[in-house]
1. Give the lysines reachable from Lys143 as a straight Cα distance under 18 Å; neighbours fewer than 8 places away on the same chain don't count.
2. Note down, for segment 134-293, the three equivalent ellipsoid semi-axes (square root of 5 times each alpha carbon gyration tensor eigenvalue), biggest first, whole angstrom.
3. Amide H neighbours of Asp310 under 5 Å, at least 5 residues apart or on other chains, H built in the peptide plane: list them.
4. With every protein chain kept in place and ligands, DNA and RNA left out, what is the accessible area per residue of segment 196-332? Probe 1.4 Å, answer in Å².
5. Expressed as a fraction of 2.2 N^0.38 Å, the rule-of-thumb size for a compact globular protein of N residues, what is the C-alpha radius of gyration of segment 153-215?
6. Can you give the net charge of the other residues whose Cβ lies under 10 Å from the Cβ of Gln291, counting K and R as +1 and D and E as -1?
7. Can you list residues from other chains, or at least 5 along the same chain, whose modelled amide H is less than 5 Å from the amide H of Leu204?
8. Hey, if we sort Leu308, Leu92 by accessible area with the 1.4 Å probe, largest down, what's the order?
Amino acid sequence: MSYQQLLHVLLGFCLCSGAAWAESLALKAGHPEHYEVKRGDTLWDIAGHFLQHPYQWPQIWQGNPHIENPHWIYPGDRLVLTRHNGQPQIHLQRNLAKTGRDVKLYPRIRQQPLEKPIEVIPTEKIAKYLTNPKIVAEDELAKAPYIVAIAGEHVIAGQGNRVYVRGLEDAQNFAFTAFRPGATYVDGKTSEVLGYEGKFIANLNLEKAGDPSTLLITDVAREVLIGDRILPHSQGEFSLSFFPRPPAKAVEGQIISVMEGVSQIGQYDVVALDRGTVDGLEPGHVLDIYQQGEQVRDLFRAGELVQLPDELAGTLMVFRAFDRVSYALVLNAFQAMHVLDYVRTP
């Protein structure tokens with residue numbers, strides 16, 4: 001991520017305010033009075049040291065205006081918790097010797113890289129999901145052009161191989177992506193189909209249009225097969241310019257899938273939700289995760305069934321939202337979570 005992108009993200013995270021942030025500020029029990037930023041920290045992690053709800057960070061953050069770009073936080077910086085008119089605030093004490101900023105430099109042979117600002121969240125955990133997979137309508141892949149054969153009489157293809165595709169006779173694009181049908185996403189309560197996962201297979205470039213067209217495979221995620229579907233390559237589909245915040249309105253949904261196919265969900269797992277932009281979700285929206293309460297029998301009342309309450313189990317943040325499905329990163333995990341656990345506006 002460039003410094004310009006990171007500045008935009010951090011400024012948004014640290015300066016945003018609104019009605020959704022108006023709830024009472026709550027410091028975390030046992031919070032430190034000061035904290036030294038370390039390599040590998042994220043802004044979300046640091047906020048979690050001080051606050052019960054890390055997305056409330058803008059309410060206590062106070063940068064040092066005399067330092068250039070005060071909203072960048074670097075390893076070695078010291079954050080100090082103070083009170084002003086009874087309200088908690090965080091002030092920055094910058095270690096200029098460690099960061100190498102605001103120090104006059106002279107020509108020298110020996111070079112040492114400067115520290116980079118910390119990230120808001122660990123973006124490496126979501127990087128491979130930012131552009132792929134896609135969520136498609138029921139007939140979108142079925143009607144898409146498809147690979148009819150692989151050059152050289154191969155059964156499977158990889159990077160550098162050519163494939164023949166039907167349905168691209170009037171292709172207006174040069175770059176394409178191969179997909180394969182993946183998971184079917186359904187509403188956790190009603191079982192209504194919300195969309196289908198288009199599983200990313202490979203990127204291809206058009207070499208010659210026709211029936212069939214010839215495409216060259218430029219990079220692959222998995223082996224390419226006859227029957228894989230071809231869609232135009234999407235550019236600029238994602239953004240890292242989000243900041244964690246609650247949705248503006250109440251949202252309730254369920255986790256309907258885990259991207260790595262695990263049975264239990266933990267911190268930094270990527271999950272799919274049965275709510276999307278039509279429900280008011282946007283990248284950056286934070287939701288609480290509630291473990292579904294079990295049904296138990298009351299042995300003292302003739303085995304009567306009792307529904308136990310849902311228990312707060314974690315926090316997640318939406319990073320990619322489609323019409324009716326969203327992908328989210330689990331930022332905190334207080335206990336094990338599972339598919340069909342609930343998500344709600346904090």
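1. Output for Lys143: Lys134, Lys199.
2. On the way: eigenvalues 253, 54, 45 Å².
Listed largest to smallest, the semi-axes of segment 134-293 are 36, 16, 15 Å.
3. Under 5 Å from the amide H of Asp310: Gly293.
4. Working: 6310 Å² over 137 residues.
It amounts to 46 Å² per residue over segment 196-332.
5. Values: Rg = 15.7 Å, N = 63, 2.2 N^0.38 = 10.6 Å.
Computed over Cα atoms of segment 153-215, the ratio equals 1.48.
6. Working: positive: none; negative: Glu294, Asp310, Glu311, Asp341.
Every neighbour counted, the sum reads -4.
7. Phe176, Thr177, Ala178, Thr218
8. Values: Leu308 70, Leu92 5 Å².
Descending accessible area places them as Leu308, Leu92.
The values are calculated or read from the model by the stated rules, or taken from the named source; none is laboratory data. The structure displayed is predicted, hence computed values, not measured ones. Backbone-built Cβ (ideal geometry, glycine too); neighbour counts: all protein chains shown. The accessibility values were calculated without ligands, DNA or RNA, using every heavy atom of the protein model including side chains. Shrake-Rupley method; radii C 1.70, N 1.55, O 1.52, S 1.80 Å.
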